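Have a look at the structure below before the remarks.
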Amino acid sequence: MVNGRDEKTVSTQIPPQLYNSGVSYNEKGSQFIALFHLSGLFILGLFAYYNSMNVPFLYDDYQNIVDSVYVKDLKRFMHLIPDGDYGFRSRYIGYLTFALNYWFQGLTVRGYHMINLYIHVFNSCLMYKTILLTANKRLFTDFTGDRTLRGVAFFASALFVSHPIQTQAVTYIVQRFEILATTFYLLSIIFYIKARTEPSAKKIFYYITSLMMAFFAMKTKEIAFTIPITAIVVEFLFIERRRKSRLIVFLPMVLLLLIIPLTIVRGDIHRLLSSHKMASTDTSQYQYLITQCAVMLTYIRLLFFPVDQNLDYDYPLYTSFFQTRVVFGFAVILSVIVMSFYALYRSGKSNGPQKYYLRLFSFGVLWFFITMSVQSGLVPLMDLIIEHRLYLPSIGFFIAVLSVIEIGKMRISLFSVIKTEFVLAIIIVALCVATIKRNRVWQRPVTLWEDVVQKSPLKARGRYNLGNEYSREGRFDEAVSEYEKALVILPGFVSAYHNMGLALDNRGSPDEAILCFKKGIELNPQYVDSYVAYGNILLRQHKLDEAMGNYKKALEIRPETPEALNGIGVVMALTGDPKGAVGMFDKALSLKPDYAEAANNKKSALEIIAR
């Protein structure tokens with residue numbers, strides 16, 4: 001008898017479909033909860049990004065996708081490491097996904113956005129799985145909070161998938177490099193944990209898969225450099241100690257650290273090691289590093305309060321460590337890291353769920369700073385602050401926040417009174433709404449760059465790109481105005497002179513346009529596009545010899561310039577050499593198969609020959 005009832009009666013209350021299933025009732029319940037949570041993450045992702053599917057190609061999308069010869073020619077991917085192109089070699093996997101997108105759908109943006117969104121939602125599911133796997137039953141033998149842990153994993157992942165700070169990584173198509181590298185990063189850590197915790201004959205398979213995922217991540221974006229370091233952190237925080245096996249396990253992981261440096265050595269090592277130019281200022285490693293102490297405050301503020309987001313921040317470069325914001329940022333960073341190590345120390349004196357959540361908090365903090373170190377560390381990058389750099393580190397941030405909430409519920413009575421799940425649900429809905437609003441800014445390039453100019457009015461790049469978008473919409477007077485403002489901020493901005501010349505030419509002021517092209521060439525005699533544009537105006541003015549001279553100068557600098565070849569072909573056709581012109585048009589089309597102007601000119605030249 002159990003509680004006054006026959007024991008047999010109690011047992012028959014278990015659903016008959018669970019008999020002989022090999023899975024306990026609790027396991028079936030956990031699987032249902034997991035499916036419910038994962039479905040919830042999928043719905044949140046679709047809700048937050050439903051209005052991003054038609055956002056057009058923007059800014060770096062053109063160089064990396066629209067105009068990329070690799071994306072448009074899948075045959076190039078038969079050569080894994082083409083010589084002389086560091087960017088392609090270092091991000092081979094990411095470019096391959098863009099090439100497949102192009103192969104199936106051309107340049108229809110919806111397909112690119114759908115893949116980005118699926119990757120983002122999948123990453124939230126991988127984050128959920130990673131959190132669950134850290135609860136190693138061997139190490140946390142008295143931890144029985146499976147349902148609570150799944151709640152923590154769900155809410156942390158829900159914050160990640162819905163937070164508007166992720167819009168730049170998800171909505172900005174070219175940042176697939178960032179989100180896809182995160183996918184492989186998480187998969188590598190997941191398979192590493194499984195290889196180290198599951199008592200299975202599949203350990204070697206899991207471990208090799210972990211190494212493969214790490215390799216794919218590193219061939220997607222350089223942010224994956226820290227995977228071996230994160231794996232070591234996981235080992236010491238969540239894996240039962242087996243000192244003899246650790247060296248064997250660590251060695252292959254540590255060797256992965258050589259992949260990115262070897263890729264760079266084979267290509268352009270100067271690209272990574274030299275100081276990058278920010279506008280007209282040289283940024284030293286020291287200046288970049290101390291500035292990142294201040295930048296970290298902005299990143300943390302954006303994660304807690306995602307307001308005033310900006311595609312292109314006008315962030316000050318700090319030159320002394322003892323400037324107030326730098327010192328304060330360093331103090332905050334140091335304090336959080338010390339707290340994480342103190343939490344790790346306290347976990348050694350605790351038992352049950354508290355021991356686990358203290359370690360999970362430490363893990364989240366270390367994940368944040370380790371993954372942030374690649375782009376906010378010793379190597380100075382062109383931009384001091386970019387929102388998509390938070391994508392991978394934010395996983396650690398949300399893990400740490402949920403861990404603090406769970407620890408608070410155990411220690412502070414106020415947390416037990418407040419329904420934290422209800423509050424978190426409200427926050428997640430609010431974040432989804434904020435993401436939808438932020439995606440509205442991305443709907444048109446003009447609105448995006450107007451937003452940048454409003455928030456960074458003294459940033460030349462924002463003015464320049466707004467001018468480009470005004471030109472694309474035929475608003476040439478407004479475009480010229482923005483280029484002029486950009487040149488006031490940065491007088492040596494050669495591209496601004498060139499594009500202002502194009503806008504002036506399009507509005508019917510060719511003489512003013514020529515002055516812009518000449519000024520650009522004076523500042524940079526190697527600027528090929530200005531020679532071509534200058535030649536085009538001279539061609540229209542029937543100054544054929546001068547036009548030919550500009551086209552030839554462009555080819556001297558860059559022999560594979562289809563626009564210059566096309567211009568030479570036109571001059572040859574006009575001067576009585578249509579056969580030679582056809583040869584030039586063919587060369588232009590071999591370099592740019594979708595070059596409609598060259599194709600039409602070739603057709604006209606062939607008609608002349610046929611007469």
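Structure notes:
- Residue in region 23-34 that is surrounded by 13 or more Cβ atoms within 10 Å (Cβ to Cβ) and at pLDDT 90 or above present: no
- Residues of region 197-241 that are assigned to a loop (DSSP other than H, G, I, E, B) and within 23 Å of the chain's Cα centre (by Cα): K219, T220, K221.
- Test: residue in region 170-181 that is in a loop (DSSP other than H, G, I, E, B), in the same structural domain as I208 (by TED's automatic domain parsing), crowded, with 20+ Cβ neighbours inside 10 Å and of a type in the set (S, T, N, Q): yes
- Flag if Y497 is over 25 Å from L555 (Cα atoms), among the aromatic types (F, W, Y) and either assigned by TED's automatic domain parsing to the domain that holds Y551 or not in a helix (DSSP H, G or I) (or both): no
- Restricting attention to region 437-477 and to residues that are part of a helix (DSSP H, G or I) and among the hydroxyl-bearing types (S, T, Y), the residue that is nearest to the chain's Cα centre (by Cα) turns out to be T447.
- Filtered residues of region 315-363 (kept if among the aliphatic types (A, V, I, L, M) and free of Cβ contacts under 8 Å to residues at least 60 places away in the same chain): V326, V327, A331, V332, I333, L334, V336, I337, V338, M339, A343, L358
- Any hit, region 159-168, residues being assigned by TED's automatic domain parsing to the domain that holds F250, touching an Asp or Glu at 6+ places or on another chain (Cβ under 7 Å), surrounded by fewer than 24 Cβ atoms within 10 Å (Cβ to Cβ) and in contact (Cβ under 8 Å) with a residue 40 or more places away in the chain: yes
The values are calculated or read from the model by the stated rules, or taken from the named source; none is laboratory data. All figures in this text were calculated on a predicted structure; none of them were measured in a lab. As a convention, Cβ positions derive from the backbone with ideal geometry for all residues, glycine included, and neighbour counts pool all protein chains shown.
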